[in-house]
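What follows is calculated from the coordinates using simple rules that are stated; it is not laboratory data. The structure presented is a predicted model; accordingly, all values stated were derived computationally and were not measured. Neighbour counts are summed over all protein chains in view; Cβ atoms, including those assigned to glycine, are modelled from backbone coordinates with ideal geometry.
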Amino acid sequence: MRPREILQSLSQPSPSKIVLLVMDGLGGLPREPGGRTELETARRPNMNALARTASLGLIDMVGSGITPGSGAGHLALFGYDPIEHQIGRGVLSALGIGMDVSAQDVCIRGNFCTLAEDGTIADRRAGRIPTAEAARLCEILGSAIPHIEDAQVAVVPEKEYRFVLRFRGPGLDGRVADTDPQKEGRRPLKAAAEVPEAKKTARLADIFAALAGQALKGRKPANGVLLRGFDTYPKIATLRELYGLNAACVGTYPMYRGLAKLVGMEVLTTSEEEDFATLARVLREAWPTFDYFFIHVKKTDSYGEDGNFEKKVEVIERVDAALVPAIVELGPGVLAIAGDHSTPAVVKGHSWHPVPLLLSSPFCRGGESEYGETACARGALGRFPAVELMSHLLAHSGRLAKFGA
Ligand SMILES: [Zn+2]
């Protein structure tokens, strides 16, 4: 029996509610050796108050030294082995924008791009055109290319220059390499099937790119498309099926909402832009209805990626002031605060560093005076794989029966 099956067999109902607050890319690094990280720099009286009675630890999202993507990081936080469940961005994005996805589909992430006259890529993001403009272009593509061969085509805007392309039909397979060469000055690549079964999908992708080029001809700045993250819909047992959890997602950004939906969470309506007061209100209103809440904050990661240490600190401070007290006030049985990976401002990207975890419940050993990477390295939970976080959450909320006689 594997660990998750044991968990599943031990799980039992409980009135205690679980909250998982994820600050995306939370883990950080000091600007100078021996200094304080973003989290440690932030004024965070509410998180520090929790740390005094909570258990702290460090979590490895995928494995030591491995830099995780956000999809992998979140799956681990939800208790799914991210190596066993690999999901492409195409499906995550499709789910996030509320697109209907079925087992017959291949979902692909697209970028509107600017092609130079010689066919090379002048701008991979078409000057980061606004979402409204991308929406118009998607409409143009959708009516120009309703189907290719026997596959239906759907083109839906995501955010700014990004869109999702869905092929629906028989014989499709997501194992196709990206057409985005990741560099300007090169031509878009041909879609290459990684296995013979994916040849049809690759052919459809090339036809789509050619037809899109014709439909967008002469437009500025977006006159071409790049396709990446080809993917089919994975079958994942939901949190309800596994542990009987009635789970909800409170977050603004499409991809995380999609991921939550994939594991069976109800995705609650929030505002268009990330706003902590709105997240707190949505949480409050949904409180009686669900027993597990995943709250997602994106801006920590965005500023980490920008290399903006101060702004990342500021977001953590605002979460501490606006979101943490609102959660505590509701009286969850278990509150876990973590990230889905580290995004240190000095790295300007995701990194492999383990993520600081705070787990607060009436059954913790406590003893630290603050929530930060250094305190978490000393913490009672030690350092463990993030995929095991779910068992801690279930145990602390009284949802796991005794194992063995
Ligand atoms: Zn992330």
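Across all directions, the shadow cast by the convex hull of the chain built on its C-alpha atoms averages 20.5 square nanometres.
Run the numbers on the range 19-106 and let me know its relative contact order in percent, using alpha-carbon pairs under 8 Å that are six or more apart. Could you put the intermediate results ahead of the total?
Details: 44 pairs, mean separation 12.0, N = 88.
Result for the range 19-106 is 14 percent.
Summary of the geometry: the range 95-127 and the range 159-194, compared by the centres of their Cα atoms, lie 7 Å apart.
Hey, got the dipole for the range 173-263? About the Cα centre, +1 on K and R Cβ, -1 on D and E Cβ, debye to the nearest 20? Intermediate values should be presented prior to the final figure.
On the way: 16 positive and 9 negative charges, 76 e Å.
I would put it at about 360 debye.
So, R0 is 35 Å and r is the distance between the beta-carbons of Val328 and Ala103; what FRET efficiency does that work out to, to 0.05?
Working: r = 41 Å, r/R0 = 1.18.
Given R0 = 35 Å and the Cβ-Cβ separation, E is 0.25.
Axis angle, to the nearest 10 degrees, between helix 276-286 and the longest C-alpha principal axis of the chain: 70 degrees.
Dipole size of the range 125-173 about its Cα centre, with +1 on Lys/Arg Cβ and -1 on Asp/Glu Cβ: approximately 260 debye, rounded to the nearest 20. Applied to the range 33-42, the Karplus parametrisation 6.51 cos²θ - 1.76 cosθ + 1.60 on θ = phi - 60° returns per-residue 3J(HN,Hα) values of x, x, x, 9, 6, 4, 4, 6, 7, 5 Hz, with x for Gly and Pro. Taking amide H atoms as placed 1.01 Å from N in the peptide plane, the amide H of Asn308 has no partner under 5 Å among residues 5 or more positions away or on other chains.
Work out, step by step, the length gained on full extension between Arg281 and Arg2: first 0.36 nm times the residue separation, then minus their alpha carbon distance; give nm to one decimal.
96.6 nm
Could the peptides 314-322, 351-359, 143-151 be put in order, highest first, of the mean number of other beta-carbon atoms found within 10 Å of their residues?
Values: 314-322: 19.7, 351-359: 23.8, 143-151: 14.0.
Those peptides, ordered most packed to least, come out 351-359, 314-322, 143-151.
If packing is taken as the average number of other Cβ atoms within 10 Å across a peptide's residues, how do 275-285, 78-88 rank, most packed first?
Values: 275-285: 17.1, 78-88: 19.7.
Per-residue mean Cβ counts within 10 Å order the peptides as 78-88, 275-285.
Each Cα pair under 8 Å and six or more residues apart adds its separation to the average, and for the chain the resulting relative contact order is 34 percent. Between Glu194 and His147, the modelled labels are 2.9 nm apart [label points 7 Å from Cα along Cα→Cβ]. Compared with the dominant principal axis of the Cα atoms in the chain, helix 131-144 is inclined by about 50°. Placing dummy labels 7 Å off each Cα toward the beta-carbon, the span from Ile83 to Phe363 is 2.9 nm.
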